[in-house]
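Okay, so here's the structure we're looking at.
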Amino acid sequence: MWHLPDRLGFHNCLPLEEAWWHLFFKVTPPPQAPSWLSPNQSFLHILQKDLSEALIIAVTTRAIFSLEEEHRLYLEKGKEEYTRHQQANQDKPLPPGTAFAFIQAVQHVNKKILEGNPAEKDLFDILVLSNNSPESGVCIINSAKHYGLEISKFCFVSNEDSTQYLKSHGVKLFLSADRTDVCNALQRGVSAALVFQQEVQAPSIPLRVVFDGDAVLFSNETDQIFQEQGLEEAVQYEQAMEDVPMGEGPLKAFAMHLGKMRKKFSQEKSPIRTYLVTARSGRDMGIRAIKTLQEWGLEIDEAFFMDGAPKGPILAQIQPHIFFDDGLHNIQGAQNVGVPSAWVPSCC
């Protein structure tokens with residue numbers, strides 16, 4: 001059995017932009033790659049990324065690929081049996097997971113950015129983070145290769161809390177299928193959300209990202225008043241604070257960087273579309289939300305103030321690559337209409 005040497009980077013992190021890249025990837029994407037991924041560009045993208053400027057997204061293996069059966073094997077029979085299974089199936093591509101189409105779509109954004117400015121450094125950079133050993137990670141790398149995914153780093157960290165490395169990599173968004181990981185990341189000040197496994201729709205473009213408002217983009221100050229004192233007090237508070245911007249929510253930093261990338265394009269030609277879908281009433285609580293976005297300089301393509309109505313129908317129309325919300329009932333509604341969803345817990 002071939003073993004990856006420990007010297008391949010920071011804590012078994014494999015930097016594909018180095019010569020080791022050639023062990024796993026070819027410059028021309030395989031036939032399974034999306035039609036809009038131009039041949040002979042993937043390696044160029046990796047070399048051009050500047051980690052001080054890039055929007056770095058970390059995803060766990062269970063977020064990007066469907067590994068539920070393998071996870072059950074790990075829980076029931078232990079790490080050694082799981083590793084043997086992964087090694088025996090290392091050439092069998094894993095099925096796409098919840099975040100798979102999202103990663104494909106950000107790859108398309110990179111392509112469009114470089115078409116406009118080949119010297120651009122502000123690109124998406126994807127890091128796959130796994131609690132597994134390198135020996136069991138060949139299957140993950142081969143799966144990314146099979147689908148033509150442009151992944152610049154794979155980090156195999158045999159540690160109970162791999163989130164301790166997120167900030168050192170400059171991660172702006174962390175997606176995981178493990179709630180403990182997400183809570184640890186949020187407590188470390190990294191934008192993070194919990195993805196739930198579901199069937200993935202066929203990939204499409206442009207990249208579409210939907211944010212909830214309170215406790216996601218914005219702080220949960222008004223939501224706390226609503227929970228403790230009721231809707232009437234929350235409305236009165238919002239009206240009194242109408243000209244005072246709301247505090248930052250856990251996903252503000254990610255949304256701001258995404259908005260900066262969006263400004264590289266005209267609205268008509270942008271490969272990125274962003275949405276606010278909030279339970280707030282537009283009449284009573286919408287003005288402060290809009291003024292907060294203006295104060296931040298964060299442009300949103302479309303905003304929906306639902307006044308407590310279910311979000312599922314509008315999400316079905318938008319068909320986002322990912323929907324962020326702090327309410328599990330809204331996550332369930334999104335899943336019911338086939339929308340990839342990510343829960344931002346406020347109760348860690």
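Okay, here's what the table says:
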item: Test: residue in region 237-252 that is of a type in the set (Val, Ile, Thr) and in contact with a helix residue (DSSP H, G or I) (Cβ under 7 Å, 6 or more places away or on another chain); result: no
item: Only listed residue being farther than 25 Å from HIS169 by Cβ and open to solvent by 10 Å² or more (accessible area, probe 1.4 Å), chosen from LYS112, LYS79, LYS92; result: LYS92
item: Selection status of LEU129, within 14 Å of the chain's Cα centre (by Cα), over 20 Å from HIS257 (Cα atoms) and in contact (Cβ under 8 Å) with a residue 60 or more places away in the chain; result: yes
item: Residues that are assigned to a loop (DSSP other than H, G, I, E, B) and within 15 Å of VAL216 (Cα to Cα), drawn from region 153-174; result: none
item: Residues of region 203-256 that turn out to be open to solvent by 50 Å² or more (accessible area, probe 1.4 Å), assigned to a helix (DSSP H, G or I) and within 28 Å of LYS269 (Cα to Cα), as a count; result: 2
item: Test result for GLN197, in a loop (DSSP other than H, G, I, E, B), modelled with pLDDT under 90, in contact with an Asp or Glu (Cβ under 7 Å, 6 or more places away or on another chain) and not aliphatic (A, V, I, L, M); result: yes
item: Tabulated pairs, region 326-348, first under 18 Å from LEU217 (Cβ atoms) and of a type in the set (D, E, K, R), second open to solvent by 20 Å² or more (accessible area, probe 1.4 Å) and in a loop (DSSP other than H, G, I, E, B), C-beta under 8 angstrom, 6+ apart or interchain; result: ASP326/ASN220; ASP326/SER346
item: Residue in region 175-183 that is open to solvent by 10 Å² or more (accessible area, probe 1.4 Å) and part of a loop (DSSP other than H, G, I, E, B) present; result: yes
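The values are calculated or read from the model by the stated rules, or taken from the named source; none is laboratory data. It should be emphasised that the depicted structure is a prediction, and the values quoted were computed from it without experimental measurement. Glycine gets a Cβ as well: all are built from the backbone with ideal geometry, and neighbour counts include every protein chain shown. Accessible surface areas use protein heavy atoms only, side chains included; no ligands, DNA or RNA. Shrake-Rupley method; radii C 1.70, N 1.55, O 1.52, S 1.80 Å.
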